[in-house]
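> Below is the structure I would like to discuss, written out as structure tokens.
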Amino acid sequence: MTRNKLLLFLLSSITSVSIYAQETWDYKQCVEYAIENNLSVKLQSYNVNERTEEFKQAKSQRYPNVTGFYNHSFNRGLNPDPNTNLLVNQITNNGQFGAQVGVPIFGGLKVRNQIKQSKVNIESATYSKEKMENDIVLQVTENYLDVIFKYENVGISEKRVTNLKEQVDRTKRLVDAGSAPLSELLDLLSQSADSERQLTEAENAYNIALLTLKQSMQLDFNTEFEIDIPEFAEPDTTLQFVPSNEVFEESKRIMPEIQAAKMNIQVSEYQKKIAKGDFYPTLNLNGNVSTGYSSNYINRNDPNDNSLIRQFEDYFSQVASIQMNIPIYSKRNVKTNVNKATIAIRKNEVQLEQELNTLRINIEQAYINALSAQKTYVSNKKSVESLEEQFRSVNKRFESGAANTTDYVVAENNLNIARAELNRSKYQFIFSMKILDFYSGEEIIIE
């Protein structure tokens with residue numbers, strides 16, 4: 001009975017592994033897996049956690065600081081006698097313990113600005129994490145569409161191999177019947193071999209594209225992996241794109257890299273306020289409660305009662321004080337820190353301009369790419385339609401014996417090249433549209 005259960009468990013495990021291995025991944029799964037497993041995103045997540053801890057620490061600076069203490073000393077030599085207050089050569093053990101509390105009253109508003117700065121730091125780190133995720137989305141999108149493009153190229157090559165094999169078989173029968181010269185058969189055999197070579201190259205390109213996608217997802221090389229090939233609708237060749245300047249205006253409002261750059265300016269501004277806080281006096285309320293004991297203690301009121309409890313009562317003290325620190329001269333440290341913070345503000349302002357400039361360039365390039373891809377796709381579509389008509393005509397004449405092998409092969413090669421170009425321009429057009437959608441704040445959907 002136990003063996004049967006073990007065998008059933010092993011079989012079910014193998015079946016489940018096989019099903020997982022043969023799973024087909026769609027676009028959404030690829031993106032989610034890539035983001036979840038990307039090491040840079042994980043590191044940035046830890047940066048967000050660190051900024052969160054700094055924020056909690058900054059808020060805690062508003063609260064009192066409480067510490068306990070205990071001191072013990074062993075003295076040998078001249079020590080004051082409790083009875084006579086004269087120095088006597090003796091050995092004593094002394095102990096003191098208690099608690100101290102410090103309450104900040106005013107610190108140049110540094111704590112308040114540190115709290116605000118830490119909060120902005122969290123937002124900046126979060127936006128930086130979103131920027132990394134966006135970069136992954138774009139990379140996976142490009143690689144995913146490239147896999148589909150290469151997959152369809154394999155299909156085009158397979159059709160060519162099949163067509164040429166059919167023509168080889170047909171021509172061989174004609175040659176055997178004496179209705180066609182042997183040279184035509186040899187030409188077709190040569191073209192058929194070349195088509196198989198091209199099919200192998202297409203399959204290799206597909207495998208490389210699939211590997212590139214897996215690497216961008218940080219998926220293990222040995223993982224069985226196939227993607228879902230969606231049925232794309234015919235791209236709209238009459239589509240009017242939103243002008244690039246309008247896309248830019250929307251994009252600079254929502255893109256995380258722009259928001260992160262703005263947050264960094266605020267961080268520097270708070271840093272300047274924090275540095276200026278050192279120009280002001282600080283005011284603190286301090287309290288101290290302590291007691292102790294000593295080996296040479298003598299109770300003057302009752303010499304027979306020298307217990308620890310009596311010592312704790314006699315040595316018990318309470319101290320309260322207000323401390324003000326007034327900065328007078330700090331060797332230019334405060335002024336230097338203020339100036340450095342001012343420089344940091346200017347640097348981050350320039351960084352924001354750089355991010356805006358990069359974003360504008362990317363959007364303009366995406367807009368031009370989309371227009372070019374649209375025009376190229378329209379031209380290639382017309383070319384394929386024309387060459388299909390031409391190939392049909394040549395094929396009919398070839399089958400009737402009115403056209404030779406060279407005419408047939410040239411017509412077919414031209415058609416296959418045009419189809420491959422149409423396929424390439426189709427996915428370039430789709431990718432360009434997805435990029436513009438992305439910069440407009442729309443979710444990329446491939447289905």
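The values are calculated or read from the model by the stated rules, or taken from the named source; none is laboratory data. Just so it is clear, the structure is predicted and the values come from calculations on it, not from any experiment. Ideal geometry is used to build each Cβ from the backbone, glycine not excepted, and the neighbour counts take in all protein chains shown. Calculation scope for accessible area: heavy atoms of the full protein, side chains included, ligands and nucleic acids excluded. Shrake-Rupley method; radii C 1.70, N 1.55, O 1.52, S 1.80 Å.
> Check off (1) under 17 Å from Pro64 (Cβ atoms); (2) loosely packed, with under 15 Cβ neighbours inside 10 Å; (3) in contact (Cβ under 8 Å) with a residue 40 or more places away in the chain for Met324 and give me the number that stays unchecked.
Exception for Met324: condition (1).
> Report whether or not Glu142 is at pLDDT 90 or above, open to solvent by 60 Å² or more (accessible area, probe 1.4 Å), within 30 Å of Asp26 (Cβ to Cβ) and in contact with a Phe, Trp or Tyr (Cβ under 9 Å, 6 or more places away or on another chain).
Yes.
> Moving on to the next point. Kindly provide the set of residues from the stretch 266-322 that are of a type in the set (S, T, N, Q), modelled with pLDDT under 90 and not in a strand (DSSP E or B), ordered by number.
If the condition is that a residue be of a type in the set (S, T, N, Q), modelled with pLDDT under 90 and not in a strand (DSSP E or B), then Ser295, Asn296, Asn299, Asn301, Asn304, Asn306, Ser307, Gln311 are the ones that fit.
> Among the residues of the stretch 195-230, how many are at negative phi and either open to solvent by 50 Å² or more (accessible area, probe 1.4 Å) or not in a helix (DSSP H, G or I) (or both)?
The qualifying residues number 24.
> Going by the conditions given, is Ser40 open to solvent by 50 Å² or more (accessible area, probe 1.4 Å) and of a type in the set (Gly, Ala, Ser)?
In short, yes.
> For the list (1) buried (at least 17 other Cβ atoms within 10 Å of the Cβ); (2) out of contact with any Asp or Glu (no Cβ under 9 Å at 6 or more places or on another chain); (3) of a type outside the set (A, V, I, L, M); (4) within 21 Å of Arg112 (Cα to Cα), I need the number of the one condition that Gly292 fails.
Condition (4) is where Gly292 drops out.
> Mind listing just one residue for me: the one in the stretch 351-380 that is among the acidic types (Asp, Glu) and either surrounded by 15 or more Cβ atoms within 10 Å (Cβ to Cβ) or modelled with pLDDT under 95 (or both) and, of those, nearest to Glu421 (Cα to Cα)?
Glu364
> Please go through the stretch 403-447 and pick out each residue that is out of contact with any helix residue (DSSP H, G or I) (no Cβ under 8 Å at 6 or more places or on another chain), more than 27 Å from Tyr206 (Cα to Cα) and part of a helix (DSSP H, G or I).
none
> Another one. Residues to consider are Thr358, Thr336, Thr376; find the one that is closer than 26 Å to Val247 by Cβ, over 31 Å from the mean Cα position of the chain (by Cα) and not small (Gly, Ala, Ser).
Residue meeting the stated conditions: Thr376.
> If I go through the stretch 155-194 residue by residue, how many of them are surrounded by fewer than 16 Cβ atoms within 10 Å (Cβ to Cβ) and not in a helix (DSSP H, G or I)?
Result for the stretch 155-194: 3.
> When both residues are 6+ apart or on different chains and their Cβ atoms are under 7 Å apart, which pairs have a first residue that lies in the stretch 432-444 and is farther than 14 Å from Glu246 by Cα, and a second that is of a type in the set (A, V, I, L, M) and assigned to a helix (DSSP H, G or I)?
From the stretch 432-444, the pairs are Ser432/Ala366; Ser432/Ala370; Ser432/Ala373; Met433/Ala370; Ile435/Ala366; Ile444/Val137.
> For the stretch 48-100, what are the residues that are in a loop (DSSP other than H, G, I, E, B), touching a residue at least 24 places away in the same chain (Cβ under 8 Å) and open to solvent by 70 Å² or more (accessible area, probe 1.4 Å)?
Gln61, Arg62, Pro64, Asn83
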